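Encoded as structure tokens, the structure appears first; notes follow it.
The values are calculated or read from the model by the stated rules, or taken from the named source; none is laboratory data. Predicted model only: the values in this text are computed from it and were never measured. A quick note on method: Cβ atoms are made from the backbone with ideal geometry, for glycine too, and the neighbour counts reach across all protein chains shown. To get the accessible areas, we keep the full protein, side chains included, count just its heavy atoms, and leave off ligands, DNA and RNA. Shrake-Rupley method; radii C 1.70, N 1.55, O 1.52, S 1.80 Å.
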Amino acid sequence: MFEINGRTKHLAIIGHPIEHTFSPKMHNFISKKMGLNYIYTAFEVAPEDLGSAIAGIRALGFSGINVTAPHKRRVMQYLDEIAPQAQMLGTVNTVVNHNGRLIGYNTDADGFYRSLLHNGIETKNKDILILGAGGAAKPVCVMLAQHTPKSITILNRTVSKAEELASYIHKTTGFSVETEKSRKHYDIVINTTSAGMAPQLERCPIEDMSFIDRNTFVADMIYNPAQTVFLRRAKENGAKGINGLGMLIYQGIIAYELFTGTILPDSIYNTIVSEVFGQ
Ligand code: NAP
């Protein structure tokens, strides 16, 4: 490990709660691998302290921070500039200190896209089904709508939320999204719901999965457990698929590149998967 000294630059993640975050482990691992003199820590910040925390980031000259729940929307009011993708999503997960100007970015959508590309999955001209319409569905849908799929359909347990998200996607990207399952086959099916994650470990977001077969690619945003009921059943039907670890890692890689102005080697992804996550 490099020596922490007077030139060490500071990075951090803020959230509430924060103790289960993987980010310090991942970012400090990258700094060590790349030989860059940065240290990354985690801070529990209560909602009422958000403004003071951001003032502290400025005063202490942090190079950047990641921002997680529940601050991703409210943090925007304390920043000097919001990058277009974050503006479109209405949330920020990465703040970079550019010579005293705090700029907000959102790396979730690009993180998910890069995890698809890493697995050789293109979205152009594909029929895509999204399960869920919560916070995680939004960046995924915005990103997909920007990459010319043939169709996007959003299904959600609470139908009104699917309709709300579809109308938001149309308004922000101009792409028309469907909210009813009208096709027999979808090329890509993405689970953005929390069904399958504790405390819903045994739940699957949809009962009838007979339309998923060896010609379907499935992605689950959940990474813990590594295989949800949804992923297991899809694979039993012959589909290939990935869990949410790729998105988690790529959103971190993109944030690290923004913080430090470096381009990380492609090989860093596999190194993180094996050496940080032991997979
Ligand atoms: P959220 O805003 O609370 O939304 C939860 C969504 O799941 C809603 O659409 C909800 O439907 C649906 N849902 C919950 N239980 C369900 C069930 N039993 N059956 C069917 N639908 C169900 O949560 P979120 O922020 O979108 O997060 C969703 C998941 O994505 C979480 O597991 C989270 O860990 C994961 N995630 C992963 C990453 C990553 O980097 N890989 C990033 C962000 C999030 P209703 O609207 O009907 O309630």
*Inter-residue pairs, beta-carbon under 7 Å, first within 14 Å of the ligand (Cβ to nearest atom) and in region 67-81, second open to solvent by 60 Å² or more (accessible area, probe 1.4 Å), 6+ apart*: Pro70/His16
*Considering region 73-95 alone, what residues qualify as being over 21 Å from Leu165 (Cβ atoms) and either at pLDDT below 95 or charged (D, E, K, R) (or both)?*
Asp80, Glu81
*asked:* Condition first: away from the ligand (no atom under 15 Å from the Cβ), closer than 23 Å to Val92 by Cα, open to solvent by 40 Å² or more (accessible area, probe 1.4 Å) and not in a loop (DSSP other than H, G, I, E, B). Can you find one or more residues in region 236-257 that meet it?
replied: no
*Look at Gly135 and say whether it is in the same structural domain as Phe211 (by TED's automatic domain parsing), within 22 Å of Pro205 (Cβ to Cβ), open to solvent by 40 Å² or more (accessible area, probe 1.4 Å) and not in a helix (DSSP H, G or I).*
yes
*Look at Ile222 and say whether it is outside any loop (DSSP other than H, G, I, E, B) and surrounded by 21 or more Cβ atoms within 10 Å (Cβ to Cβ).*
no
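Before we move on, is Asp108 within 25 Å of Phe22 (Cα to Cα), in contact (Cβ under 8 Å) with a residue 12 or more places away in the chain and either crowded, with 19+ Cβ neighbours inside 10 Å or of a type outside the set (Val, Ile, Thr) (or both)?
yes
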*State the number of residues belonging to region 199-214 that are within 14 Å of the ligand (Cβ to nearest atom) and either touching a residue at least 24 places away in the same chain (Cβ under 8 Å) or in contact with an Asp or Glu (Cβ under 6 Å, 6 or more places away or on another chain) (or both).*
7
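Being within 16 Å of the ligand (Cβ to nearest atom), open to solvent by 60 Å² or more (accessible area, probe 1.4 Å) and within 28 Å of Thr41 (Cα to Cα): is that true of Asn270 here?
So Asn270 does not fit the description; no.
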*Filter region 138-170 for residues that are at pLDDT below 95 and open to solvent by 70 Å² or more (accessible area, probe 1.4 Å); which is farthest from the ligand (Cβ to nearest atom)?*
Thr148
_I'd like to verify a number: residues in region 184-212 that are hydrophobic (A, V, I, L, M, F, W, C) and more than 19 Å from Ala162 (Cα to Cα), how many?_
6
*asked:* Show the residue pairs meeting these rules: Cβ distance below 8 Å; 6+ apart or different chains; first residue within region 139-154 and closer than 11 Å to Asp108 by Cβ; second residue in a loop (DSSP other than H, G, I, E, B) and not polar (S, T, N, Q).
replied: Val140/Met221
